[in-house]
Amino acid sequence: MNKDVRILVVDDEMIVREALSNYLREDGYEAIAVESGEEALKKVESERWNILFVDFKMPGMDGLEVLREVKKVTSDLPVIIITAYATVDSAVQAMKDGAYDYVVKPFDPEAIALLVEKVVEHQRLVRENILLRERLDQEYKFEEIIGRSQPMQDVFELVKNVAASDTTVLITGESGTGKELIARALHANSPRRYNPFITASCGAMPEGLLESELFGHEKGAFTGALYTKKGRFELAEGGTLFLDEIGEISLKTQVDLLRVLSEKSFRRVGGVEPTSIDARIVSASNRDLKKAIQEGTFREDLFYRLNVVSIHLPPLRKRREDIQLLADHFLDKFRAETNKKIEGISSQALNLMMEYDWPGNVRELENAIERAVVVGKGSEIVPQDLPFFNQGVTEERGPKLKSLKDREKIHILQTLEENGWNISKTAEDLGIDRVTLYNKIKKYNLEKSKTE
């Protein structure tokens, strides 16, 4: 057992207090015995204790009086009442006044040992819970969202203003700008922060699977439904549900989602009974949803349900003053992970980064720094560690100032070729999702390049 656990025993009968103290010492605890309530209170006021055993019936200050006075001094000290009078009334009154438990004389050493173990374990869990809450309070405010530019300061201010409410929020911005980080910051700064943060990537799942993922299903609802499964709405109970790539869901799923937002309840696939929900809904899209409304691919009523508050994340090319700050942050991160002694980024490499338009935004920059740290051989990152910049670079003129579309097309094509046209790996390297990558391949007619 742990010698750090200190137990105070209070009983006017010497044989009782010495016997109990000896039991506790044999189990490895530090146990001190006193004979009166007055003496016990002095020790409680001046020393640290983990558990207090107090006799119910003593001359002068009895056990209940000691219990009440101790609770005035320290409300979290577990007090266990010792009684030879195992009446229901005395036990009930002790518990009402805040006793943790009670034991009956004569003692059963095994029962005493189990009770103390229970109290110590409870205290350990309480301490861990407090530490976890403190860590959650400190861990994820805005530390992972880097930016000193005015556009990002505006975003931070908006997050602080709306985090405490339960209103729905729509986060917009290109792929890789950090929409999920903002969603997590909203959750971490809200009263819901100790409850789950659940994500659902709507663009990564076919319609049938997405419905089951969001709402769950009953056993036997469809072929392969061998058991009842909770959906993301249920898993997010009391917390936040983040619906990423919301612009990719079908019109049917949009109708289902609109009903959930309106009624605050849903039915599992194959279910009959409605299940109420208590989760904040935060969604995100890299698509222009207003344009999608005009094209008939997104419901206007759902848009206004989701877009009570809108937070737009600017692309990295619109906040270039954050590039060096982000690059240094990622360098510190990957330097620590790889244990490589890279002191910094050369001015030439930094100039290339500042001039590049970063179609994959912050995620692409993170991937670029990780790659540079892994392949780099010197004491700092140099242009040669950034191979995707080599396309269109000459020693005399530096980066050719192509249009954004040209540079994005060249970058995507080169990354596709480097990865043997593996879509998943290319999307990961570019810092975008597969749906976006497919759209860009189609947009730039890159399939033709693959066949040539």
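No lab work stands behind these numbers, since they all come straight from the coordinates. If you're wondering where the values come from, they're calculated on a predicted model, not measured in any experiment. FYI the Cβ positions are ideal-geometry reconstructions off the backbone, even for glycines, and counts take in every protein chain you see.
Database remark: amide H of Ala225 closer than 5 angstrom to the amide H of Gly220 (H placed geometrically; neighbours at sequence offset of 5 or more, or on other chains; Pro and chain starts carry no H). Just so you know, the Cα atoms of region 279-382 work out to an Rg and Dmax of 18.8, 56 Å. For His312, which sequence-distant residues (separation of 5 or more, or a different chain) have an amide H within less than 5 Å of its own amide H, given hydrogens modelled in the peptide plane? So His312 has HN proximity to Thr172. In percent, rounded to a whole number, the relative contact order of the chain is 11, using alpha-carbon pairs under 8 Å and six or more apart. First check a/c for region 1-86, with a ≥ b ≥ c the square roots of the eigenvalues of its C-alpha gyration tensor; if it is under 1.5, answer rounded, and if not, answer prolate when a/b is larger than b/c or oblate otherwise. In terms of gyration-tensor shape, oblate. Protection proxy ranking of 51-62, 249-260, by the mean of other Cβ atoms within 10 Å over each peptide's residues and highest first, is 51-62, 249-260.
Highest mean packing first, where packing is the average number of other Cβ atoms within 10 Å per residue, the peptides 167-176, 413-422, 220-229 line up as 167-176, 413-422, 220-229. Largest first and in whole Å, the equivalent-ellipsoid semi-axes of the chain read 60, 30, 19, each the square root of five times a Cα gyration tensor eigenvalue.
Computed from backbone phi, the HN-Hα couplings of region 232-239 come to 5, 4, 5, 5, 8, 3, x, x Hz, rounded to whole numbers (Karplus: 6.51 cos²θ - 1.76 cosθ + 1.60, θ = phi - 60°; Gly and Pro given as x).
For region 6-135, relative contact order (Cα pairs under 8 Å, six or more residues apart, normalised by length) works out to 20 percent.
Mean sequence separation of contacting Cα pairs (under 8 Å, at least six apart), scaled by the length of region 150-314, corresponds to a relative contact order of 34 percent.
On a per residue basis, the convex hull of the C-alpha atoms belonging to region 199-286 measures out at 88 Å³. Put a plus charge on the Cβ of each Lys and Arg, a minus charge on the Cβ of each Asp and Glu, and nothing anywhere else: the dipole of region 196-273 about its Cα centre is then about 240 debye. If only the Cβ of Lys and Arg carry +1 and only the Cβ of Asp and Glu carry -1, the dipole of the chain around its Cα centre is close to 2140 debye.
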